[in-house]
Amino acid sequence: MRLLIVNALYPPHRIGGAETSVALLAEALARDGVEVHVATLDAGSAEQVVVERGVIVHRLPIDQYYWPWGGSRPGSGRRALWHWRDRWNRAAAARFGRLLDTVRPDLVHSHVLTGFGASIWPEVKRRGLSLAHSLRDYALICPRSALFRNGQPCVSRCVDCQLVTRPTRAASALVDAVAGNSDFILAAHRDAGRFKAVDGRSLFNVVPRPKRVSARPTEGPLTFGFMGRIEAEKGIETLLNALPHIGRDAWRLRIAGVGRDAYAERLRGQSDDPRIDWLGWADAGDFVRSIDVLMIPSLWPEPLPRTLVEGVAHGRSIIAAASGGIPEVATIGRCIALFRPGDARALAEVMRGAIDHSAPWRTGGAASAEALDPFSERAVVAAHHEFYDAARRAATGT
């Protein structure tokens with residue numbers, strides 16, 4: 001099978017877990033004998049084709065007003081124009097159509113479409129190809145991709161969101177099979193009128209297990225760790241606001257990640273406790289090995305953070321907000337606690353309990369020997385072959 005995967009970014013471009021998940025999937029399928037092509041965006045002005053780890057990567061110039069991942073934040077007017085073009089990007093669709101004619105895939109599997117737009121889907125169907133789509137964010141129903149606005153999760157969809165994303169409603173019917181990395185994200189899209197009659201399922205990501213799980217000290221302060229983009233929707237302020245309410249001294253907090261400079265600097269200025277280490281960018285493996293408890297205090301409805309599964313795989317305990325799809329995997333860990341999103345005092349109570357009874361929190365990891373099996377390369381590849389078979393059957397009516 002010749003497969004074309006589409007994702008906005010691909011390593012070395014990374015802003016979150018989606019790029020890692022897509023790359024691991026592409027490489028795993030290539031090892032399984034699939035001819036894998038990836039279409040992704042690049043800040044350059046010329047198309048490039050490179051082979052990386054057995055995957056043929058097509059890096060395409062972005063047909064937009066600016067490159068949105070990095071650099072200074074544009075003004076509101078330019079951002080509005082960007083989102084308006086992204087709702088149905090004819091230039092991106094035409095460029096993608098030319099790539100389809102070059103690659104001639106048997107099936108197209110789209111993921112994050114920011115910068116491409118759902119306008120590429122009709123190009124796939126005009127050529128009679130099978131089309132599968134994986135939901136990794138909310139861009140098809142929310143221009144901000146996160147169902148999060150003005151520092152709060154959205155409880156209903158804004159009028160401007162409905163207007164800007166309106167074309168994706170009809171376009172979603174072109175998809176032959178759809179998957180979410182949680183039941184939550186798939187249900188959210190169906191509730192918004194997308195993929196109503198499309199075959200749907202949940203598909204997990206490949207999360208490699210470390211060759212060895214490093215032990216943590218059994219004495220000393222309990223070390224909590226936050227790793228992710230330093231942005232409001234990630235709940236970093238909930239975590240920082242919880243610290244004064246813990247009422248205990250025997251703790252440390254390590255924060256790894258980058259974000260908008262002004263926002264990150266403001267938070268650092270307000271949080272000068274010597275027990276807090278602001279690390280900036282950090283290697284994920286090294287960071288997880290340096291902590292006892294991984295913190296995921298998300299305010300936005302996380303579809304399913306791969307950091308949670310990675311933390312468990314590395315033998316760590318988890319404290320997470322009960323947001324989005326997080327509760328769906330809360331049983332995979334030996335020591336996982338959930339709290340209400342945005343509730344700093346509730347989070348402080350959980351952290352205080354972990355400090356007072358630290359022994360189980362220092363020896364986390366998987367709840368059983370089989371708990372992480374659904375995230376293995378073998379299981380994920382097999383599930384994706386079934387997903388592709390379903391898309392082909394739907395496309396041909398067989």
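Every number here is computed from the coordinates shown, using simple stated rules; none is lab data. Keep in mind the model is a prediction, meaning the values are calculated, not measured. Every residue, glycine as well, gets a Cβ built from its backbone with ideal geometry; the counts of neighbours run over all protein chains shown.
Values as computed for the structure displayed
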{"item": "Label-point gap, in nm, between GLU35 and THR396 - each point 7 angstrom along Cα→Cβ", "result": "1.8 nm"}
{"item": "For the range 200-214, 3J(HN,Hα) per residue [Karplus equation, 6.51 cos²θ - 1.76 cosθ + 1.60, θ = phi - 60°, Hz, x = Gly/Pro]", "result": "x, 7, 9, 10, 8, 9, 6, 10, x, 8, x, 5, 8, 9, 7"}
{"item": "Contour excess over end-to-end distance, with Cα ends at ARG2 and ALA170 and 0.36 nm allotted per residue", "result": "57.8 nm"}
{"item": "Extension gain (nm, one decimal) between THR102 and LEU81, 0.36 nm per residue minus Cα-Cα", "result": "4.5 nm"}
{"item": "Interchain or long-range residues, amide H under 5 Å from ASP42's placed H", "result": "LEU60, ILE62"}
{"item": "Relative contact order, percent, the chain [alpha-carbon distance under 8 Å, six or more residues apart]", "result": "15 percent"}
{"item": "Alpha carbon centroid spacing (whole Å) that separates the range 22-42 from the range 82-128", "result": "17 Å"}
{"item": "For the range 61-78, Karplus couplings with θ = phi - 60° (6.51, -1.76, 1.60), whole Hz, Gly/Pro x", "result": "x, 7, 8, 8, 6, 6, 7, x, 9, x, x, 6, 6, x, x, 4, x, 5"}
{"item": "Computed [θ] at 222 nm, helices only, for the chain once each DSSP H run of length n ≥ 4 contributes -39500 (n - 2.57)", "result": "-10000 deg cm²/dmol"}
{"item": "Environment charge at GLY117 (Cβ cut-off 13 Å; Lys +1, Arg +1, Asp -1, Glu -1)", "result": "+2"}
{"item": "Burial ranking of peptide ranges 273-282, 323-332, 254-263 (average Cβ count within 10 Å, highest at the top)", "result": "323-332, 254-263, 273-282"}
{"item": "³J(HN,Hα) computed for each position of the range 342-347 - Karplus, 6.51 cos²θ - 1.76 cosθ + 1.60, integer Hz, glycine/proline x", "result": "x, 8, 5, 5, 5, 5"}
{"item": "Ratio of Rg to Rh over the chain (Cα coordinates, Kirkwood Rh, two decimals)", "result": "0.97"}
{"item": "Cα gyration tensor shape for the range 209-341, rounded if a/c is under 1.5, else prolate or oblate", "result": "rounded"}
{"item": "Net charge, ARG392 excluded, C-beta distance under 12 Å - Lys, Arg +1, Asp, Glu -1", "result": "-4"}
{"item": "Largest-first ellipsoid semi-axes for the range 100-229, taking √(5λ) over the Cα gyration tensor eigenvalues, angstrom", "result": "34, 22, 13"}
{"item": "Gain in span if fully extended, ARG157 to ARG378, counting 0.36 nm per residue against the direct Cα distance", "result": "75.7 nm"}
{"item": "Long-range amide H partners of LEU203 with built H, under 5 Å", "result": "GLY180, ASN181, SER182"}
{"item": "Placed amide H near GLU52: partners under 5 Å, 5+ positions off or other chain", "result": "VAL57"}
{"item": "The chain - Cys residues lacking any other Cys C-beta under 4.7 Å", "result": "CYS142, CYS154, CYS335"}
